[in-house]
Structures are given as structure tokens and as C-alpha cells.
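The values are calculated or read from the model by the stated rules, or taken from the named source; none is laboratory data. None of the values given here were measured: they were computed from a predicted structure. A quick note on method: Cβ atoms are made from the backbone with ideal geometry, for glycine too, and the neighbour counts reach across all protein chains shown. All accessible areas refer to the heavy atoms of the entire protein, side chains included, with ligands and DNA or RNA removed. Shrake-Rupley method; radii C 1.70, N 1.55, O 1.52, S 1.80 Å.
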Amino acid sequence: MRRIAKTVGSILAALGIAVTTAAVTAAPASAAVSCSGTKTYDSSSGTLGMGELTIYYNSADGGTNSACFYHRGATYGVAAETYVKISRCVETSGEGLPCTADRSSSPDDGVYKYYAGPKGVTGTANRCVAAIGWVFWHDEYYVVDSGRQGC
């Protein structure tokens, strides 16, 4: 598990994502999230067709965004470690740029055949969000990092 955490930390650092825990709060446990709603981001960039990160929005609870990371291609239906996490950004503009998170979901990190998630954050109206997801397959991480979205 430490190897995985260290590797994930290296991946996040390589992608330019600052990992801080002191200033980031977890989303309220009562936030109802699902992999449905208005799709605001959808990409398989960086995964060579092995996965797809999707962000959804609905107007409940002052704006709620949720993220799911789906297996695609050769990983579809195959049990593999899969991860997704979404954050609310301090920023209100700058689509695609790095996010300074002030609230994040807990990650969904497990061995799944089809997808990880949904994970969500509330209070996102007029704020950017960012999500990251990956699948670990054949000793490789296939990662999608959305950067700021929905700004």
C-alpha cells in the first residue's frame, strides 16, 4: 500500500498537482452524488483508451459536482485498481489550469471491473472543480487529470 501511495504521489507531482491536506476539507457526508446529471467534462486523454474521467453537475446544494472514472478498452470488465477524486477549487476561472482545492471528496480507490465513483463536492456554483482518476493495469497507471473545469 505504501508503494501505491508513493507512486500516486509521484504521479500527482508529475502532473503539477499540489497535494496539501491542511487547507482542504472533506465534502459533507450528506452530499448526494451520482454519475448522472449534466456532463461538464469527459476525457480519456492520457489513458490510451483504458479509462475515461467524467464530471457531472447539478444545481442541488448550491451546486454539486460528481466524478466517475470508467474502465474502457482492454480494462473494461477486468478487475483493476481504480481511483477517482474531485475537488472544489478556490479559482472561478482558468479552464484546464491547476486547481487550488479548498474542499475535496474522499477518494474512491478500490479494485473494480467497471468504474470508481461517484464522488462529489457541494457548493460549487460559480466555482471551478477539478477531478483526477486512474486505472492501474499491467503495471501501468493510466491517468486523467481534468484541471479546472466548469468555471
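Quick notes on this structure:
- Positive contributions from Lys and Arg (+1) and negative ones from Asp and Glu (-1), summed over other residues with Cβ under 11 Å from the Cβ of residue 75, come out at -1.
- Annotation: amide H of residue 97 within the under-5 Å range of 148, sequence separation 5 or more or interchain, hydrogens built in the peptide plane.
- Taking Cβ atoms as reference points and 10 Å as the exclusive limit, the residues near residue 65 contribute a net charge of +3, counting Lys and Arg as +1 and Asp and Glu as -1.
- Per-residue 3J(HN,Hα) values for the range 78-94, derived from phi via the Karplus relation 6.51 cos²θ - 1.76 cosθ + 1.60 with θ = phi - 60°, read 10, 5, 8, 5, 9, 9, 8, 8, 10, 10, 8, 8, 5, 6, 10, 8, x Hz in sequence order (x marks Gly and Pro).
- Alpha-carbon Debye profile of the range 50-97, log10 I(q)/I(0) at 0.16, 0.23, 0.25, 0.32 Å⁻¹: -0.61, -0.92, -1.00, -1.24
- For the range 93-151, the set of trypsin sites (Lys or Arg not before Pro) satisfying both a DSSP loop assignment and a count of at most 15 other C-beta atoms within 10 Å is given as 113.
- Taking only the Cα atoms of the range 70-143, the ratio Rg/Rh comes out at 1.05, with Rh defined as the Kirkwood radius.
- 3J(HN,Hα) from dihedral phi, the range 43-60, Karplus parametrisation 6.51/-1.76/1.60, rounded to Hz, x for glycine, proline: 8, 10, 4, x, 10, 6, x, 8, x, 8, 9, 10, 10, 10, 9, 9, 7, 5
- The residues packed around residue 102, meaning those with a beta-carbon under 15 Å from its beta-carbon, carry a net charge of +4 if Lys and Arg are +1 and Asp and Glu are -1.
- Averaged per residue, the range 50-146 has 40 square angstrom of accessible surface, using a 1.4 angstrom probe with ligands and nucleic acids left out.
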